[in-house]
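Note sheet for the following structure.
The values are calculated or read from the model by the stated rules, or taken from the named source; none is laboratory data. In this text, all values refer to a predicted model and were calculated from it rather than measured experimentally. Note that we place each Cβ from the backbone using ideal geometry, even for glycine, and neighbour counts take in every protein chain shown. The accessibility values were calculated without ligands, DNA or RNA, using every heavy atom of the protein model including side chains. Shrake-Rupley method; radii C 1.70, N 1.55, O 1.52, S 1.80 Å.
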Amino acid sequence: MLKYLAIILFIVLSTVYYFISFGANNSSQIFLTISTFLFAIFAGFFISRQGSRYSAIRDQIAKFDGEMSSIFRQFGHLSIKAQDKAKEIIKKHYQKILTNKAWDYHFLHKSNTITSLHELSEKTTKDQALPSLKHLALQRVLTALETLQIVRKNMVALHTERIPRFQWVLVYFLALILFITVSTIPSQEYILSSILKGAFSSSVIFVLILLHEFDRLKFFEGTMGEHSAQDILGILAGEK
């Protein structure tokens, strides 16, 4: 959808610049140079930071899902009944994510997934003398649950690391200066100049859109971690 919007915006701006003169003087070149430099620095820094944040969250999701898969398989060493119960707990967790198309659903709503798995471990092994294999499986389940807690805290911290409002104001202010300065460059009835101005102005707008998408962690199509969640459900269903 964005690519079509980019084309439409480019055509509209180029047409406007071709037929309308916004006036200009030599000082506009100075403002253009300064505003372009500052905007490029700030926008580049924020995009890089949010891109790193996106990658970090994606890695944490993969680690979280890997531990979930391990927990399910380890419960199989304890008992089939326990594994079936763990399956229902884990399945419910991922179905909510996929149904709401929100990887952060369990951060924004109350979740008892880890607590339920802890309780299941206790009920399954309470007052029992476990053989070595079952004891080892239980230890791995408890270790994985501890890791899940740490990973969840990391994801919560990364989830809140959004661009502050003041920094957004600064980026918008520089973009506005840049947009106005570009608009004052003479282009009336000059096709090439109008096209270049339209392309440049459109690029500035879409840099802001790109930054917004990264900040909201919605840069790529689909839900973050969607394929990983579907893979877990495939494992629970015995397909993998």
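Explain nothing, just the number: dipole magnitude of the range 100-225 about its Cα centre with +1 on each Lys and Arg Cβ and -1 on each Asp and Glu Cβ, in debye rounded to the nearest 20.
Dipole size: approximately 300 debye.
Please give the FRET efficiency for residue 213 paired with residue 119, using the beta carbon to beta carbon distance and R0 = 35 Å, rounded to the nearest 0.05. Could you put the intermediate results ahead of the total?
On the way: r = 39 Å, r/R0 = 1.12.
The formula returns an efficiency of 0.35 here.
Using Cα atoms only, what is the angle between the long axis of helix 191-215 and the major principal axis of the chain, expressed in degrees (0 to 90) to the nearest 10?
For helix 191-215, the angle is close to 20 degrees.
Only Cα pairs within less than 10 Å get springs; with that Gaussian network setup on the chain, which residue of 46, 166, 206 has the largest fluctuation?
166
Take the Cα pairs of the range 112-164, get the Kirkwood Rh, then feed it into Stokes-Einstein at 10 °C and 1.306 mPa s and tell me D in µm²/s.
Values: Rh = 12.9 Å.
Using the Kirkwood radius from Cα pairs, D works out to 123 µm²/s.
With point charges of +1 on the Cβ of Lys and Arg and -1 on the Cβ of Asp and Glu, referenced to the Cα centre of the range 172-240, which listed residue (210, 188, 198) lies farthest in the positive direction of the dipole?
Checking the options against the dipole of the range 172-240, the answer is 188.
Show that you can apply the helix-only estimate: for the chain, add -39,500 (n - 2.57) for every DSSP H stretch of four or more residues, divide by all residues, and state [θ] at 222 nm to the nearest 500.
Numbers: 9 runs with 191 residues, N = 240.
Mean residue ellipticity, 222 nm, calculated: -27500 deg cm²/dmol.
Please work out how much length the chain gains when fully extended from residue 81 to residue 108, using 0.36 nm per residue of separation minus the C-alpha to C-alpha distance, in nm with one decimal. Kindly include the intermediate steps, with their values, before the conclusion.
On the way: separation 27, 0.36 × 27 = 9.72 nm, distance 3.11 nm.
Additional length available on full extension: 6.6 nm.
For the chain, modelled as a GNM with alpha-carbon contacts under 10 angstrom, which of 71, 80, 195 fluctuates the most?
Looking only at 71, 80, 195, the largest GNM fluctuation is found for 80.
Report, in degrees rounded to the nearest 10, the 0 to 90 angle that the Cα long axis of helix 226-236 makes with the longest principal axis of the chain.
10
For the chain, set up a Gaussian network in which alpha carbons nearer than 10 Å are linked by springs, and say which option among 152, 165, 216 fluctuates the most.
Checking each option, the largest mean-square fluctuation is seen for 165.
State, in angstrom, two size descriptors of the chain derived from its alpha carbons: Rg to one decimal place and Dmax to the nearest whole number.
When restricted to the Cα atoms of the chain, Rg and Dmax are 26.3, 88 Å.
Jot down the per residue volume, in cubic angstrom and as a whole number, of the convex hull over the alpha-carbon atoms of the range 29-163. Can you show the working numbers first?
Details: hull volume 14.4 nm³, N = 135.
Per residue, the Cα convex hull of the range 29-163 comes to 107 Å³.
Helix 132-159 versus the longest principal axis of the chain: what angle, 0 to 90°, nearest 10, using Cα atoms?
On a 0 to 90 degree scale, this one is about 20.
Tell me, what is the percent relative contact order of the chain, built from C-alpha pairs under 8 Å that lie six or more residues apart?
Numbers: 219 pairs, mean separation 109.8, N = 240.
Worked out over the chain, it gives 46 percent.
Can you give me the relative contact order of the range 80-197 as a percent, contacts being Cα pairs under 8 Å and 6 or more apart?
Values: 30 pairs, mean separation 22.0, N = 118.
The value is 19 percent.
Roughly how much of residue 224 is accessible, in Å² to the nearest 10, using a 1.4 Å probe?
10
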